[in-house]
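Participant: Right, I'll just put the structure down here and ask away after.
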Amino acid sequence: MTILAFRTDGDVRAAIPPTVAHLQGGGLLAYPTETVYGVGSRARDADVRALAALKGRRRDKPFLLLVSDRAMAEAQGLAFNAAADALARAFWPGPLSLVLPGGGGRLPDLLRGPEGGIAVRWTSHAGIAALVAALGEPLTSTSANRPGQAPGAGAEAIVRDFADAVADGRLLVLDGGVLGNRPPSTVVDCTALPPRTVREGAISLVELRRAAGGLAP
C-alpha cells in the first residue's frame, strides 16, 4: 500500500479506513488539500517528530493543524478571541489558518510557534475533512516538499521526492490528481489583539477586512 486513489467520492470512502489505520499506527500521510499537497501525521509528539524528520524541518517552523470543524479545534483547548471568531465565521471552512492560544496539555509543544499559539484550519477539501472526522482528531499539515523545493503538484512527484519513506512504508500517499498553481492558505496570528498577518495567501487582506472589519489585521 503506497498510493491510494482519492479523487471521487467512491475513492474517498474506500481510502479512509486504511488511511486511518495507517495514521493510528504512527504513519505519515501525503494528501491533497484545497491549496497544495500536504504531508502530515496525528498531532501526537512522536508522530510530529517523525514528520519533522521527514521534512528536515527546523524546530522554529511548526506545523499547522487541519480540523473537520470548529468544534474539533475547541475540543483541543484552542481559544477563539473576538478576531478569531469573526474570521472563522467568515472564511471557515476554507484556506485561512488561524494561530490560536491554548491547547496546553493536549497538543505537542512542537506545534507551538514563537508567539505561543498553534495554527489551525478547518479544511474545505471535502475528502480530507471526512478523513479527519473519521480519524477523530486533527491532522498536522505542511507542504509536501523538501526544504527549498516547490510543493509536489501530484502523487507521482511526492513519491519521487520522498521515495525512501514511501518504500519503507512510513509515508502513504493519497492521489487526488494534479493540483494547479494555487497559493497557500493565508495565516493570521490571533494570539493577541489586534491580530497580525503572518502570510497573505489564498485570501487577501482586502477580503479579510471586508468580512471582519476592525477585527481583521
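The values are calculated or read from the model by the stated rules, or taken from the named source; none is laboratory data. The model shown is predicted, which means the values in this text are computed figures rather than measured ones. Counting neighbours? That spans all protein chains shown, and the Cβs are built from the backbone with ideal geometry, glycine included. All accessible areas refer to the heavy atoms of the entire protein, side chains included, with ligands and DNA or RNA removed. Shrake-Rupley method; radii C 1.70, N 1.55, O 1.52, S 1.80 Å.
Participant: Taking amide hydrogens as modeled 1.01 Å from N in the peptide plane, which residues meet the under 5 Å criterion relative to Leu64, leaving out close sequence neighbours?
Facilitator: Those qualifying (amide H under 5 Å, at least 5 residues apart or on another chain) are Ser141.
Participant: If the chain between Ala126 and Arg209 were fully stretched, how many nm would it gain, using 0.36 nm times the residue separation less the Cα-Cα distance?
Facilitator: Taking Ala126 through Arg209 to full extension adds about 27.2 nm, to one decimal.
Participant: If all Cα-Cα distances of region 1-150 are sorted into 10 Å bins from 0 onward, what percent lands in each bin, rounded to whole numbers?
Facilitator: Going out from 0 Å in 10 Å bins, region 1-150 shows 11, 43, 36, 9, 0 percent.
Participant: A further question on this structure: Which residue, chosen from Pro62, Met72, Gly169, occupies the Cα position most advanced towards the positive end of the dipole of the chain, where the dipole is computed from +1 (Lys, Arg) and -1 (Asp, Glu) charges on Cβ about the Cα centre?
Facilitator: Comparing the listed Cα positions along the dipole, Pro62 ranks first.
Participant: Continuing with this model, one more query. Positive end of the charge dipole of region 1-150 (Lys, Arg +1 and Asp, Glu -1 on Cβ, about the Cα centre): tell me which of Leu98, Pro114, Ala14 has its Cα farthest that way.
Facilitator: Projecting each Cα onto the dipole axis, the largest value belongs to Pro114.
Participant: So, with a 1.4 angstrom probe, what is the percent of accessible area on the chain that is carbon and sulfur?
Facilitator: Carbon and sulfur: 52 percent of the exposed surface of the chain.
Participant: If you don't mind, there's one more thing I want to ask. What list of whole percents do you get for P(r) of region 46-101, with Cα-Cα distances grouped in 5 Å bins up to the one holding the largest distance?
Facilitator: Each 5 Å bin holds this share of Cα pairs: 4, 16, 24, 20, 15, 14, 6, 0.
Participant: May I pose another question? Would you mind telling me the antiparallel percentage of the DSSP bridges in the chain, rounded to 5?
Facilitator: 55
Participant: Express in whole angstrom the spacing between the alpha-carbon centres of region 51-72 and region 168-210.
Facilitator: 12
Participant: Subtract the Cα-Cα distance of Thr2 and Arg146 from 0.36 nm times their separation in residues, and report this length gain in nm to one decimal.
Facilitator: Extra length available between Thr2 and Arg146 comes to 49.9 nm.
Participant: Can you work out the accessible area per residue across region 10-82, with the rest of the protein chains kept in place, probe 1.4 Å, in square angstrom?
Facilitator: Here the residues of region 10-82 average 38 Å² of exposed surface.
Participant: Highest GNM mean-square fluctuation, the chain, Cα pairs closer than 10 Å: which of Ala126, Ala155, Ala21?
Facilitator: Maximum among the listed residues: Ala21.
Participant: Under a GNM of the chain (C-alpha, springs under 10 Å), which listed residue has the highest mean-square fluctuation: Leu65, Leu172, Leu110?
Facilitator: Comparing Leu65, Leu172, Leu110 in the GNM, the peak value goes to Leu110.
Participant: Roughly speaking, what % of Cα-Cα pairs in region 122-177 are separated by over 19 Å, rounded to a whole number?
Facilitator: 36
Participant: Cβ neighbours within 10 Å, averaged per peptide: list 101-108, 185-192, 145-152, 81-88 in order, most packed at the top.
Facilitator: 185-192, 81-88, 101-108, 145-152
Participant: Sticking with this one: Given only helices, namely DSSP H runs of n ≥ 4 each adding -39500 (n - 2.57), what is the per-residue ellipticity at 222 nm of the chain, to the nearest 500 deg cm²/dmol?
Facilitator: Computed mean residue ellipticity for the chain: -9500 deg cm²/dmol.
Participant: Could you run the Debye sum over the Cα atoms of region 101-217, one equal point scatterer each and no solvent, and tell me log10 of I(q)/I(0) at q = 0.10, 0.13, 0.20 Å⁻¹, two decimals?
Facilitator: Each listed q maps to, in turn, -0.41, -0.70, -1.37.
Participant: Next up: Could you give the size of the charge dipole of region 99-217 about its Cα centre, using +1 on the Cβ of each K and R and -1 on the Cβ of each D and E, expressed in debye and rounded to the nearest 20?
Facilitator: It comes to approximately 360 debye.
Participant: Dipole size in debye (nearest 20) for region 53-96 around its Cα centre, Lys and Arg Cβ +1, Asp and Glu Cβ -1?
Facilitator: The calculated dipole for region 53-96 is roughly 380 debye.
Participant: Report the dimensions of region 10-76 along its three principal axes from the alpha-carbon atoms, largest first, rounded to Å.
Facilitator: 39, 26, 25
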